[in-house]
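A.B. asks: Submitted below is the structure of interest, expressed as structure tokens.
Nothing in this text is a laboratory measurement; each read-out follows from the coordinates by a stated rule. Here the structure is a predicted model, which is why all the values come from computation and not from measurement. Cβ atoms come from the backbone with ideal geometry, glycine included; neighbour counts cover every protein chain shown.
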Amino acid sequence: MKCKKIVLKQMYNGFPKKSDFEIVEEDVAEDLQNGEFLYESLAISVDPYIRSLVGAGYKRGDTVIGSVLVRVTKSKIEKFQKGKLLVLNCGWRNGGKAKESDVFFVRDDMPALVPETAGLGLYGIAGLTAWIGWILVCKIKKGETIFISGAAGAVGNVAAQIGKIKGCTVVGSCGTDEKVEFCKNIGYYAAFNYKKESGSLDAAIKRVAPKGIDCYFDNVGGSFSSTILRHMNSGGRVGVCGSISAYNETTPVLAPILQPTIGKNELILQGFRLRSHVSNYREAYEDLKKWTIEGKMKNYEKVTKGFENVPDAFIDMLRGGNVGKAVVRL
Ligand SMILES: NC(=O)c1ccc[n+]([C@@H]2O[C@H](COP(=O)([O-])OP(=O)(O)OC[C@H]3O[C@@H](n4cnc5c(N)ncnc54)[C@H](OP(=O)(O)O)[C@@H]3O)[C@@H](O)[C@H]2O)c1
């Protein structure tokens, strides 16, 4: 069968451009060995890590990495029969052949309340990361003030909903006034537009968190996060999830020295990677599902249509065009 994939035509130089990508056709033999299956892609996830991993062995001509919601069309694996809905680590492809080790997780049993694309957002990398950051890393507690940067994004919106469910005062920052409105509608106590507050960041943080911050979900890094740390309460916990503010920079980004702040306030900073917590995926997913069924949690996403538009959707997400999870429906 004929399938399409999107490859890296040239290495990104700074901000990715559409011309960095190329659609290539490939012939996929339909005969299967034991342990293989064929699939059609239903939706493709565009994520910041796809940008940040350039340089880590990812090179020109490679298929762009990424997770994809697929339906099995033919199979020689007993547990992944035709019709099964899976999320694969197969990169930006509209179909193809895969094996069990390509499977990220099975997503057959999502509540009917959400579209299938939730397998890439609320129940995908974003939702699981939000759960791990708050529940396992920061261990948020009722009554605490918790701050989320990237507040309206894929991870950020789920982190906010979890914080609300856990009885915290949820505050955060994001890049447009529309996003600030969105944040208020999904349970944030307060949020601000960091682009408008760049000259008065301390005042903006004090405004949303007058009693200080107990936990910080850091999605952006850089000098913004150094400032947040100065507003943390003694013994505060920080989950270092990502640093998107630097992913597209061509020279190293400098931020104020943090050690005096960390030492004085006895802060605990922990970096984490979703992929190191595979044994917790099931528990996280069951919680997220339960909260959805109870009406406490919603799936928010920005859907772009068409395989050829995956690079545009990726670039748009890096520019902040998404509210909720950025996905492409094929
Ligand atoms: N540790 C892990 O295993 C793991 C897993 C998933 C994601 N992550 C990380 O989590 C973070 C959020 O990922 P996501 O999938 O939820 O993406 P997302 O928030 O849905 O999308 C990216 C957002 O980043 C913001 N942004 C872009 N440039 C920025 C800048 N210079 N400064 C501040 N914000 C900027 C934009 O929102 P604004 O309009 O608000 O600027 C944009 O919408 C990323 O750092 C990502 O690498 C880590």
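A.B. asks: Between ILE165 and ASP202, how high is the FRET efficiency from 1/(1 + (r/R0)^6) when r is the Cβ-Cβ distance and R₀ = 30 Å? Nearest 0.05.
C.D. replies: 0.50
A.B. asks: Please order THR250, THR73, THR304 by the number of other Cβ within 10 Å, starting at the fewest.
C.D. replies: THR250, THR73, THR304
A.B. asks: Additional query: What is the distance, in nm, between label points placed 7 Å from the Cα along the Cα-to-Cβ direction at LEU269 and at ASP109?
C.D. replies: About 4.0 nm, to one decimal.
A.B. asks: Given an 8 Å cut-off on Cα distances and at least 6 residues of separation, report the relative contact order of the stretch 128-275 as a percent.
C.D. replies: It comes to 22 percent, rounded to a whole number.
A.B. asks: Putting +1 on Lys and Arg Cβ atoms and -1 on Asp and Glu Cβ atoms, find which of CYS174, ALA209, THR227 reaches farthest to the positive end of the dipole of the stretch 127-284.
C.D. replies: After comparing all options, I get ALA209.
A.B. asks: Let me ask something additional. Which of the lysines could a cross-linker span from LYS196 if the Cα-Cα distance has to be under 23 Å and same-chain partners fewer than 8 positions apart are dropped?
C.D. replies: Result set, ordered by chain and number: LYS179, LYS184, LYS206, LYS211.
A.B. asks: Here is a further query. Treating cross-link reach as a plain straight distance, find the aspartates and glutamates whose alpha-carbon is under 16 Å from the alpha-carbon of LYS142, omitting any fewer than eight places away in the same chain.
C.D. replies: Within the straight-line limit of under 16 Å, LYS142 reaches these aspartates and glutamates: ASP214.
A.B. asks: With label points built 7 Å along Cα→Cβ from the Cα atoms of ASN185 and LYS211, find their separation and express it in nm.
C.D. replies: Output for this residue pair reads 2.9 nm.
A.B. asks: What value does the stretch 116-166 have for Rg/Rh, both radii from Cα atoms and Rh as Kirkwood defines it?
C.D. replies: 0.97
A.B. asks: Still on this structure: Among the lysines, select those whose C-alpha is under 21 Å from the C-alpha of LYS17, and discard any that sit fewer than 8 residues away in the same chain.
C.D. replies: LYS4, LYS5, LYS9, LYS59, LYS302, LYS305, LYS325
A.B. asks: Looking at the P(r) of the stretch 128-275, how many percent of alpha-carbon pairs lie beyond 26 Å?
C.D. replies: Percentage above 26 Å: 15.
A.B. asks: At a temperature of 20 °C and a viscosity of 1.002 mPa s, determine how fast the chain diffuses translationally according to Stokes-Einstein, using the Kirkwood radius over alpha-carbon pairs as Rh; express D in µm²/s, rounded to the nearest whole number.
C.D. replies: In µm²/s, the coefficient rounds to 104.
A.B. asks: List every DSSP H helix in the chain whose Cα atoms extend 15 Å or more along the helix's own long axis and whose mean Kyte-Doolittle hydropathy is at least 0.0.
C.D. replies: 154-165
A.B. asks: In whole percent, what relative contact order does the chain give with Cα contacts below 8 Å and a gap of six or more residues?
C.D. replies: Computed over the chain, the figure is 18 percent.
A.B. asks: Okay, next question. Gap in Å between the Cα centre of the stretch 51-108 and the Cα centre of the stretch 1-18?
C.D. replies: Measuring centre to centre over Cα atoms gives 17 Å.
A.B. asks: Tell me the Rg and the Dmax, in Å, that the Cα atoms of the stretch 73-181 produce.
C.D. replies: Over the stretch 73-181's Cα set, Rg and Dmax evaluate to 17.2, 51 Å.
A.B. asks: Name the cysteines of the chain that stand alone by the Cβ rule: no other cysteine Cβ under 4.7 angstrom.
C.D. replies: Here CYS3, CYS90, CYS168, CYS174, CYS183, CYS241 come out as lacking a disulfide-compatible partner, given the Cβ-Cβ threshold of under 4.7 Å.
A.B. asks: What 222 nm value per residue comes from the helices of the chain, counting each DSSP H run with n ≥ 4 as -39,500 (n - 2.57) and dividing by all residues, nearest 500 deg cm²/dmol?
C.D. replies: -6500 deg cm²/dmol
A.B. asks: For the chain, give me the percentage of DSSP beta bridges that are antiparallel, rounded to the nearest 5 percent.
C.D. replies: Among the beta bridges of the chain, antiparallel pairing accounts for roughly 55 percent.
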